[in-house]
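Asker: Here it is, the structure in full.
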Amino acid sequence: MKATLGCKLAVSLMLAAFGALTAPLASAQDNAATTATGTTQAAPATKAEKKAARKQARAKKNAELKKLEDAGYNPAKRDDASYPQDIQNAQKKAGIGVGASQ
């Protein structure tokens, strides 16, 4: 079947409209980063700032994991039946909130 010029034009316009509607939604997340507390901060602009932010986040996660390990949590132990209780007990003992690791 041959597609008419009008049909091709209509499909092209629909694709362009769809692209125009979804582009701002996709780029909205790039403009600001939301933290775990719900506050919004400006996203790092340069490569060095992004690297520093990743390094800081990694250090925070490693420090939290170290506290949990010191409180008795063993991430290498793969007992899925007791996992939720093990991590919650370690969080209570270490004084880390339940949502801190998310």
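Asker: Quickly work out the Q85-to-E64 label distance, labels modelled 7 Å from Cα along the C-beta direction, and quote it in nm with one decimal.
Answerer: Each label point lies 7 Å from its Cα, and together they span 2.4 nm.
Asker: Additional query: Enumerate the aspartates and glutamates that K92 could reach by cross-link, defined here as Cα to Cα under 13 Å, with residues fewer than 8 away along the same chain left out.
Answerer: E64, E69, D70
Computed from the coordinates by the stated procedures, all read-outs in this text should not be read as laboratory data. Being a predicted model, the structure only gives us computed values, none of them experimental. Positions of Cβ are generated from backbone atoms using ideal geometry, with glycine treated the same way; all protein chains shown enter the neighbour counts.
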